[in-house]
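One structure is given here, and the rest of the page talks about it.
Read-outs: derived from the displayed coordinates by stated rules, not from any lab. Note that this is a predicted model, so its numbers are computed, not measured. A quick note on method: Cβ atoms are made from the backbone with ideal geometry, for glycine too, and the neighbour counts reach across all protein chains shown.
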Amino acid sequence: MINLILCGGSGTRLWPISREHAPKQFVPLFDDESLFQKTVKRNQPLCDQFLIVLNEALYFLARDQIQALSLDPSPKRHFLLEPCSRNTAPAIALACLGLEPNQLVLVTPSDHLITNQVAYEVAVNSAKTLAKQNQLVTFGTQPTYPETAFGYIETNGADVLSFTEKPNSTTAERYLEQGHYVWNSGLFCFKAGVFLEELKQHAPDIYHACVSAHKTIQKTANSDYQRVTTEAMQAIPTNSIDYAVMEKSPLIKVISAEMGWRDLGSFEGLCDILPQDKRGNTSQDNMVLLNAHNNLILSEQRMVSLVDVDNLMVIDTADALLIAPKGSGQNIKQVVDILKQRGSDLPYHHRTVHRPWGTYTILESGKRYKIKRIEVQPGKSLSLQTHQYRSEHWIVISGTATVTIGTQTNAVLPNESTYIPIGEKHRLANFEAEPLILIEAQVGDIISETDIERFSEY
């Protein structure tokens, strides 16, 4: 069986800890591990292979997080890179088109938490039995409160009677009382060919567009990833697997299991998971709380003090602070939308940004300048590029920088510096065995990551 891991969510309701280029599934919230890492570890004993579908900008982040787990190299791991998201139905279809029709597929989101591994494995094995009988299997879990942000499945044993997407509070309360409704977990199990046939019947526009897009996949020799072309991906209609297939197919079965499933789509969802003190506050070392109750506090570095306040969410990162009452988590997306309208980078990046060659951290920025700490991994290089509006100064802290400016290439050693004028072609590389660390000072009329013209890739 192959584990198809979907990494498409941007996690805007968990801003500012979640950003589009470092979304919630890659944030190390639990025991210094991310939800993505926990998903990989959870399914390692159950599956022969991993196929990870994600935005191409997240490939290096996902690959690095898998390597950080130091897992056994088996099962094999492959990546399918999307230039843009078209929701879950196309993502699953593109993955299944590359598999044998009888290949069993376990589809799992990368941003869910499951705490009962034993119950989970029992549920997956039960789903495998049904999937081998050409059924499309979904997983449900018993609701514990009338949540309106989840989908519900009306069940009769393993039979599915109906689907409801995000009911209002009155309906959710009725479902909870009736007892034969389960939360739709977003987990699925089926044969690749069975899913594709059902997609072809119930959503032929998506199916045929995915078949066309799959033919454009760019295969790279000796690589662990494949990439769909942008034009072909954009031509695929957007839809979820639930709307496209699961709510229409007669082959649907449901496995209900108490596996400690949580969809951590909002800060309210984190409240019951993170450690708490006896007053219901999130328990962290960097806090002083006086007469404060039931507060969610997440702070990366700074000390947080709360006095005489209850039921707040205080989320403090290196470059953004969010304060809101509990219950307002659904409105955080509006903050992200406003920041995008203002042209801010805050919805997209943290201060530390992962790149194929390493990382950079923004130390300070102001009018006409920005200062970064850049770390280039051994054997890696940045693209050959120019900037139209800014010059750059590089000061090497450790390692040896191989710097190309115009037609000249020179080695820059620790405590040495170099200057790149506006408009000059340049490249930074590290051909040594140790990481290269340098400080970059940008000066110019426009200081933006969009001010880059690339002439070659990394």
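Which residues among segment 26-45 fall inside the zone where the amide N is under 13 Å from a point 7 Å beyond the Cα of Asp72, along Cα→Cβ?
Label zone hits: 44-45.
What nm value, rounded to one decimal, do you get for the distance between Glu432 and Gln284 when each label is placed 7 Å out toward the C-beta?
Roughly 3.6 nm, to one decimal.
In segment 268-331, what % of DSSP beta bridges are antiparallel (nearest 5)? Could you put the intermediate results ahead of the total?
Working: 6 of 15 bridges.
Here the antiparallel bridges make up roughly 40 percent for segment 268-331.
Give me the distance between the Cα centres of segment 377-416 and segment 151-196, rounded to whole Å.
After rounding, the separation between the Cα centres reads 55 Å.
Mind putting a number on the dipole of segment 1-76 about its Cα centre? Charges go on the C-beta only, +1 for Lys and Arg and -1 for Asp and Glu, and I need it in Debye to the nearest 20.
On the way: 8 positive and 8 negative charges, 40 e Å.
It comes to approximately 200 debye.
If you take every residue apart from Gln226 with its C-beta less than 11 Å away from the C-beta of Gln226, what net charge results, scoring Lys and Arg +1 and Asp and Glu -1? Intermediate results must be reported in sequence, preceding the final value.
On the way: positive: Lys219, Arg227; negative: Glu56, Glu82, Asp224.
Residues near Gln226 contribute -1 overall.
Expressed as a whole number of Å, what is the distance separating the alpha-carbon centroids of segment 52-68 and segment 203-267?
18 Å
Please say if the chain is rounded, prolate or oblate, where rounded means a/c under 1.5 for a ≥ b ≥ c the square roots of the C-alpha gyration tensor eigenvalues, and otherwise the choice is prolate for a/b larger than b/c and oblate otherwise?
Working: a/c = 2.11, a/b = 1.37, b/c = 1.54.
It comes out oblate by the Cα gyration axes.
Which order, highest average first, do 118-128, 317-327 follow once you tally other Cβ atoms within 10 Å for each residue and take the mean per peptide?
Averaged packing, sorted descending, gives the order 118-128, 317-327.
Can you bin segment 291-410 into rounded, prolate or oblate? Criterion: square roots of the alpha carbon gyration tensor eigenvalues sorted a ≥ b ≥ c, rounded for a/c under 1.5, prolate for a/b above b/c, oblate for the rest. Write down the numbers at each step before the final one.
On the way: a/c = 3.15, a/b = 2.29, b/c = 1.37.
Prolate, since a/c reaches 1.5 and a/b exceeds b/c.
Compute the distance in nm between two label points, each set 7 Å from the Cα along the Cα-to-Cβ direction, one at Arg373 and one at Asp319.
Using points 7 Å along Cα→Cβ, the separation is 1.5 nm.
Note down the net charge around Trp261, summing +1 for each Lys or Arg and -1 for each Asp or Glu among other residues with Cβ under 14 Å from its Cβ.
Net charge in that neighbourhood comes out at -3.
Could you work out the helix-only [θ] at 222 nm for the chain, with each DSSP H run of four or more residues adding -39,500 (n - 2.57) and the total divided by the number of residues, to the nearest 500 deg cm²/dmol? Working shown, then result.
Details: 10 runs with 95 residues, N = 458.
Value at 222 nm, helices only: -6000 deg cm²/dmol.
Compute, for segment 268-331, the length of the dipole vector about the Cα centre, with Cβ point charges of +1 (Lys, Arg) and -1 (Asp, Glu) only. Units Debye, rounded to 20.
Values: 4 positive and 9 negative charges, 27 e Å.
The calculated dipole for segment 268-331 is roughly 120 debye.
In segment 259-292, which trypsin sites (Lys or Arg not before Pro) are in a loop and have at most 10 other Cβ atoms within 10 Å, using DSSP for the loop call?
Numbers: sites: Arg262, Lys278, Arg279; in loops: Lys278, Arg279.
Answer in residue order: Lys278.
Hand me the trypsin sites (Lys or Arg not before Pro) from segment 179-223 located in a DSSP loop with no more than 14 other Cβ atoms within 10 Å, in residue order please. Let's see the in-between values first.
Working: sites: Lys191, Lys200, Lys215, Lys219; in loops: Lys215.
Sparse-neighbourhood loop trypsin sites (Lys or Arg not before Pro): Lys215.
Please report Met287, Met313 as a ranked list, fewest other C-beta atoms within 10 angstrom at the top and most at the bottom. List each step's numbers first, then the result.
Numbers: Met287 18, Met313 23.
Placing the least packed residue first, the sequence is Met287, Met313.
Taking the DSSP beta bridges in the chain as the whole, what percent of them are antiparallel, to the nearest 5? Walk me through the numbers before you get to the answer.
On the way: 76 of 110 bridges.
Looking only at bridges with both residues in the chain, the antiparallel portion is about 70 percent.
Between Thr129 and Phe455, how many nm apart are label points set 7 Å from Cα along the C-beta direction?
In this crude label model, Thr129 to Phe455 measures out at 6.5 nm.
How charged is the neighbourhood of Leu104? Take every other residue with its Cβ under 13 Å from the Cβ of Leu104, and add Lys/Arg as +1 and Asp/Glu as -1. Walk me through the intermediate numbers first.
Values: positive: Lys128, Lys132, Lys191; negative: Asp48, Glu100.
Net of charged neighbours comes to +1.
Test of understanding: extend the Cα→C-beta vector of Gln388 to 7 Å, then name every residue of segment 407-444 with backbone N under 13 Å from that spot.
423
Checking the a/c ratio against 1.5 first, then a/b against b/c, what shape does the Cα gyration tensor give for segment 365-455?
Details: a/c = 1.85, a/b = 1.43, b/c = 1.29.
In terms of gyration-tensor shape, prolate.
If a paramagnetic tag sat 7 Å from the Cα of Ile422 along the Cα-Cβ line, which residues of segment 374-405 would have the backbone N under 20 Å from that point?
385-394, 405
State to the nearest 20 debye the size of the charge dipole of the chain about its Cα centre, where the only charges are +1 on K and R beta carbons and -1 on D and E beta carbons.
On the way: 41 positive and 51 negative charges, 124 e Å.
So the magnitude is around 600 debye.
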